[in-house]
Every structure is written in C-alpha cells, then in structure tokens.
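These notes are about the structure you will find just below.
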Amino acid sequence: MNALVVDQVSRRFEGLQALNRVSLTVQVGERRAIIGPNGAGKTTLFNIINGTLRPTTGRILLFDRDVTRLAPHRRTHLGLARTFQISALFPRLSVYENVRLAAQAATGGRYAMHRPAATLGAIQRLCEDTLKKWDLWHLRREAVRTLSYGDQRRIEIVLALATNPRLLLLDEPTAGLSLAETQQVSSIIQALHRQLTILLIEHDMDVTFELVDQVTVLHLGNLLADGPQEEVRRDPRVAEIYLGSATEWGKPC
Amino acid sequence: MRQRTRRTAMALGGFLLLLLLPAVLPSFYLGLVTEVLIFGLFAMSLNLLLGYGGLPSLGHAAYFGVAGYTVALLSFTVTQNGWLLIFLGLAMAGVTAALFGLLALRTRGDYFLMITLALGEVLWGLAFKLRSLTHAEDGISGVARPVLNLPWSFEDDVAFYVFVLVSVTLATLLLILIIESPFGKAVVGVRENEARLQVLGYNVWLCRYLAFVLAGLFGGLAGILFIFYNRFVSPADLSVILSAKALLMVILGGAGTLAGPMIGAALLVFIENEVSSLTERWLLILGLIYVVVVMFIPAGVYGGLKAKLQRRSAV
Ligand SMILES: Nc1ncnc2c1ncn2[C@@H]1O[C@H](COP(=O)(O)OP(=O)(O)OP(=O)(O)O)[C@@H](O)[C@H]1O
Ligand SMILES: [Mg+2]
C-alpha cells in the first residue's frame with residue numbers, strides 16, 4: 001500500500017508557479033526527505049498534502065484514497081499529522097493544555113460538552129503518558145510561549161505524534177536549533193516506530209542523510225531528482241543547484 | 001483539588017448571600033441587582049464568543065431582542081404558560097443564531113464584527129417596519145411575569161428576583177460546564193491557533209459555529225428574563241447600543257474569565273444608574289469608559305486583578 005501519492009500536482013500563486021506537475025509516491029514505512037533551496041515549494045507541497053491549500057491541478061491520495069477535496073481535519077482522521085516550519089502551538093496555554101488538545105482529538109470525544117475535560121480519564125492518562133514519555137512533565141504548568149525555542153520545537157513534534165498518525169510530515173524540525181538540540185531531535189525521529197511513514201523537509205544535510213532512505217529534490221517548483229539517497233547525492237544537477245546557494249552540499253556525514 | 005473545594009464553597013456562599021439579599025435591600029436596589037444578574041448572564045453569553053472563541057460580535061443584542069419579542073408577542077396571543085414561552089423564546093433565539101452564524105462565520109476579525117453588526121441592524125430595522133406586530137418605537141408593554149405552575153406567584157418582586165437568581169445560577173453552571181468541557185477547550189484552541197487545531201483533527205468551523213449558537217441561546221435566555229422583568233420590549237432591546245454595552249461589560253470585567261462579565265455588568269448597571277440621573281450624555285460616558293479600559297486595564301478589572309494575584313503567588 002502507498003502511504004501517499006502526489007499525482008501531477010501544480011499550484012500557482014498569482015504570477016508564481018510554486019509547484020509544477022510534481023509527482024511522488026511514498027510507500028508505507030518509507031522515510032523520505034524533501035530537499036531544495038529556499039522557495040523551492042517544499043512547504044507548499046506539505047500544505048497541499050495536508051489540505052491547507054488546494055492544488056490548482058492534480059490529485060493527492062492518502063493510503064490509496066483520493067483526498068484532494070477533503071478538509072484538513074478529515075485527513076488527520078485518516079492518519080496524517082504534520083509539524084510547521086514556524087512553530088504553531090497554543091502559545092498562551094500551558095504545556096499540559098497543549099497536549100490535552102491533542103489528546104482530546106486522539107481519544108475521539110473532542111466536541112464533548114457533558115463533562116469537564118479534567119474528569120475524563122482517558123484524556124488525562126494520555127496526557128500524562130505523553131508528557132512523561134517526552135520528558136515534559138516538569139514543564140506541564142508553564143505557558144508554552146515562555147519555554148525555550150528548543151522545547152517549543154520538540155512540542156511541535158509531540159503534538160503531531162499524540163494524534164497517533166500513520167504518516168508524519170515534518171517541516172524543518174531542526175531549523176534554528178543548537179547542535180545538541182539538533183542531535184536530540186534527530187534521535188527522537190530516528191527512534192520512531194518503523195511502520196510510521198515520514199516525510200521530512202530539512203536543510204541540514206547531516207541530519208537528512210542520517211534519517212532517510214529516499215530523497216526528493218525540488219527546485220523552483222519542479223521535481224529535479226527522486227530516488228535512494230546515494231543516487232541523489234551523486235546527481236550532478238543536484239550538486240549544481242546547491243553549489244549555487246548557500247547550503248552546504250555533499251559534506252561527508 | 002483543595003482550590004476547587006474552596007472555590008465551590010465561595011460560590012455557594014455567594015449564592016446564599018444573594019438569596020438573602022431581599023431581606024436587607026430596599027426594593028429599588030433589588031431591581032438593580034436583578035438587572036445585574038440578567039445583564040451579567042447576557043455578557044457571559046457574549047464572552048463565550050469574544051473571550052473564549054476570540055470572535056468579536058457586535059450584534060449580540062439580536063438574540064436578546066428576538067427572544068424578548070417572541071415571549072412578548074406569544075404571551076398575548078398563544079399561551080400564558082411560562083415554561084412554553086421560555087422554550088419558544090429560546091428556540092427563536094437559537095434559530096436566529098443558527099442562521100446568522102452561517103453568514104457571519106464566513107468572515108473573521110473586523111469583518112466578523114461588521115457583519116454581526118449588520119445582521120443585528122436588520123432585525124432592529126424589522127422591529128420598526130413591522131409596526132402592526134411590534135408597534136415600532138412604542139414597543140410592546142404589559143407583559144406578565146411568568147406563570148410557571150409553581151407554588152409561588154412571580155408577580156411579587158422578591159419571588160421574581162429569586163427566579164432570576166436561580167435561572168442565572170443554573171445557566172452559569174451550564175456555561176462553566178461548557179467552558180471546562182473538551183468542546184470548551186477546543187473553542188479556546190480555535191482562538192489561540194486555528195491552523196494547529198485543524199491539523200490535530202478538529203473541525204474548526206464546527207467549533208466556532210456551535211459556540212456561536214450556544215452564545216445565542218444563552219443570550220436569548222437573558223432576553224427572556226429581561227422581558228419578564230421589564231414587562232416591556234422595544235427596538236432598543238435589539239439595538240447596537242445594547243450589543244456595544246454587552247461588549248463593554250465583557251471587556252470592562254475581563255474577557256475570557258468566568259467572573260469578569262458579571263463584574264463588568266455590575267459596574268455598568270450601577271454606573272448607568274448613577275450617571276443617567278445626572279446627565280443626558282450616558283452614551284458619551286460609555287465611550288469614555290471604553291477608552292479608559294482599553295488604554296489602562298486592557299485585561300479588565302477582574303482579569304487584571306487575577307493576573308496580579310497569580311503573579312504574586314508565583315513569586
Ligand atoms: N500563500 C502564498 N501566497 C503567495 N505566495 C506564496 C504563498 N506560499 C508560498 N508562496 C511562494 O511560493 C514559493 C514556494 O514557497 P514555499 O514556502 O513552498 O518554499 P519552501 O521550499 O518551503 O522554502 P523555505 O526553504 O524557505 O521554507 C515561494 O516563492 C513563496 O514566496
Ligand atoms: Mg518551507
């Protein structure tokens with residue numbers, strides 16, 4: 001079964017062709033990086049996969065089901081989760097309340113009105129487990145916006161995982177992190193169970209090649225290369241666009 | 001947990017105190033307290049939208065007025081049964097909110113404010129236009145206090161005060177339950193970060209819509225209590241002035257807090273009572289209060305106090 005099929009997807013923004021007939025197939029359990037210079041269309045592709053944006057033309061299939069016209073929250077119910085390039089949490093709420101909103105979504109009773117959330121055992125247990133597992137228990141009362149940037153990036157991933165997804169989209173999870181934090185996040189991703197399909201946008205090539213098997217390269221909205229990472233790394237066209245930009249390329253890892 | 005018991009004890013104490021109030025308060029002031037309770041409920045219902053949902057409605061009087069007109073008109077023509085009147089008033093407020101919500105929730109922010117204002121003005125205009133039904137600016141007077149088949153008659157002001165107190169208390173408990181429920185938490189999530197809530201699997205539109213209709217229903221209940229209290233309904237009960245007053249009560253007390261709107265309502269009702277006997281320019285004073293609150297206590301009286309206390313206990 002395919003976790004994701006992107007079929008001839010294009011997207012225009014007024015005069016700009018952000019994506020141009022991009023096609024991509026991701027199998028269940030695959031770990032794939034989407035790389036490319038700034039403005040290549042990587043985040044736009046994520047937005048189209050998760051339904052925040054509609055493609056101008058083309059189709060999206062999730063687990064063999066056509067979801068092109070499905071609302072984002074319905075795609076989440078099919079097992080899709082994502083993180084955002086710019087942290088998108090509930091900044092004024094506590095860490096506990098952030099996790100609880102994810103836990104409510106995961107346990108199904110997300111619109112229940114008949115009981116206080118604090119008295120619903122399943123939600124509380126899931127919150128507690130999640131917070132302890134990710135070493136956030138001692139921070140549970142803090143407002144998220146008061147936490148360090150590194151902790152906020154970690155909570156991005158925690159919230160996405162709390163909905164128990166089958167396909168996870170990570171948009172530059174290590175951007176702006178220190179070396180130590182980057183390694184921490186990288187080992188978190190590495191330790192995720194292997195049935196979880198992961199799509200990763202990442203500028204740090206060391207991290208990328210450590211984590212993925214397959215690499216897709218976007219450039220100015222076009223799919224430039226697509227294949228096993230060793231192959232893509234040897235591709236001269238890929239080297240060229242990266243040499244032309246500030247990002248390091250081909251550094252031994 | 002201990003904090004919770006303490007809070008419950010305080011609320012219970014407050015309720016008993018209010019229950020005993022008629023024994024000590026002259027009837028004029030009892031009337032004012034009745035008004036505070038009714039407008040407090042009205043402000044709390046708006047707070048569900050504004051404070052918790054982040055949706056600034058400037059047309060909340062629509063539900064107050066529709067429910068009031070419904071009860072007034074039907075009490076003369078259809079039934080004297082208070083329960084039935086309450087039910088029908090709520091139903092009309094709910095239907096109105098369900099319709100207006102469909103239109104208003106296509107927009108956000110300032111546009112939401114303007115469309116709710118416009119929708120409210122449509123009803124206000126209708127109240128003038130349908131003269132044969134509503135008597136336009138003369139309004140409908142002589143509405144009887146509710147007949148509820150209980151051992152008491154609510155024609156008596158003290159009995160009616162107790163009826164309002166119990167109704168507002170029950171409605172408040174319901175509102176607290178909604179705010180504390182998973183749904184209520186989701187509504188706050190919509191306010192804080194819509195995009196994130198959506199990718200967590202919430203239907204963001206549905207959260208807003210349910211909050212909108214619930215706010216309309218509770219606003220309608222306030223309107224029903226008011227028509228029974230005031231025995232008179234006029235286009236003023238549908239007007240943007242009433243909507244703005246409710247908005248001011250919420251902001252004055254503290255948006256997004258439980259007690260804030262009630263405190264804002266108390267302040268405004270008492271200030272209005274004092275000031276309107278001194279000057280005709282009550283609206284000007286309202287505007288001034290608004291400017292002062294927004295500039296100097298943006299979190300509101302109760303909201304600001306609460307934040308200060310929390311900061312102190314954190315140190
Ligand atoms: N909502 C939008 N409206 C107009 N233009 C947009 C919008 N979103 C993205 N773009 C444009 O589309 C192009 C692709 O943007 P996108 O964010 O997908 O790039 P990216 O590959 O994620 O880049 P980065 O590495 O900087 O995150 C850019 O030129 C961007 O300015
Ligand atoms: Mg991007």
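Observations
- Once B binds A, the 1.4 Å probe can no longer reach about 2600 Å² of accessible area, counting both sides.
- Note on the protein assembly as shown: antiparallel DSSP beta bridges, both residues inside, total approximately 60 percent of the bridges counted.
- Proximal lysines relative to A:LYS132, as straight alpha-carbon distance under 24 Å, when same-chain residues fewer than 8 apart are discounted: B:LYS185
- Reachable aspartates and glutamates from B:LYS245, criterion Cα separation under 19 angstrom, eight or more residues apart if same chain: B:GLU35, B:ASP110, B:GLU121, B:ASP237, B:GLU272, B:GLU274, B:GLU280
- Using alpha carbons only: equivalent-ellipsoid semi-axes of the stretch B:2-238, gyration tensor based, whole Å: 30, 26, 14
- For B:MET92, the solvent-accessible surface with a 1.4 Å probe is about 90 Å², rounded to the nearest 10.
- For chain B, modelled as a GNM whose springs connect Cα atoms under 10 angstrom apart, the maximal fluctuation among B:ALA23, B:ALA118, B:ALA236 occurs at B:ALA23.
- With N as its number of residues, chain A has a Cα radius of gyration that, divided by 2.2 N^0.38 Å, comes to 1.03.
- Axis of helix A:121-133 versus longest Cα principal axis of chain A: the two differ by about 50°, to the nearest ten degrees.
- For the stretch A:132-180: rounded, prolate or oblate by the Cα gyration tensor [a/c cutoff 1.5]: oblate
- Here the relative contact order of chain A, from alpha carbon pairs under 8 Å that lie six or more residues apart, stands at 26 percent.
- Apolar share of the accessible surface for the stretch B:2-238: 69 percent from carbon plus sulfur atoms, 1.4 Å probe.
- With contributions of -39500 (n - 2.57) from each DSSP H run of at least four residues, the per-residue ellipticity at 222 nm computed over chain A stands at -10000 deg cm²/dmol.
- Buried on assembly, the stretch A:97-139 (at least 50 Å² less accessible surface than by itself, 1.4 Å probe): A:LEU101, A:TYR111, A:MET113
- Against chain A, whose longest principal axis comes from its Cα atoms, helix A:179-190 is set at around 80 degrees.
- Most mobile listed residue (A:GLY176, A:GLY15, A:GLY109) in chain A, GNM with C-alpha springs under 10 Å: A:GLY15
- The chymotrypsin sites (Phe, Trp or Tyr not before Pro) of the stretch B:143-245 meeting both criteria, a DSSP state outside H, G, I, E and B (loop) and at most 15 other C-beta atoms within 10 angstrom of the site's C-beta, are B:TRP152.
- Accessible-area ranking of A:ARG194, A:ARG140, B:ARG191, A:ARG234, largest first, probe 1.4 Å: A:ARG234, A:ARG194, B:ARG191, A:ARG140
- Given 12 as the ceiling on other Cβ atoms within 10 Å, longest exposed-site-free region of chain B for GluC sites (Glu not before Pro) in DSSP loops: B:1-154
- Helix A:149-162 axis, angle to chain A major axis (alpha carbon atoms, nearest 10°): 80 degrees
- Average Cα contact separation per residue, the stretch B:2-238, under 8 Å, 6 or more apart, as relative contact order %: 39 percent
The values are calculated or read from the model by the stated rules, or taken from the named source; none is laboratory data. Remember, it's a predicted structure, so these values are computed and weren't measured experimentally. Note that we place each Cβ from the backbone using ideal geometry, even for glycine, and neighbour counts take in every protein chain shown. These accessible areas exclude ligands, DNA and RNA; they are computed on the full protein's heavy atoms, side chains included. Shrake-Rupley method; radii C 1.70, N 1.55, O 1.52, S 1.80 Å.
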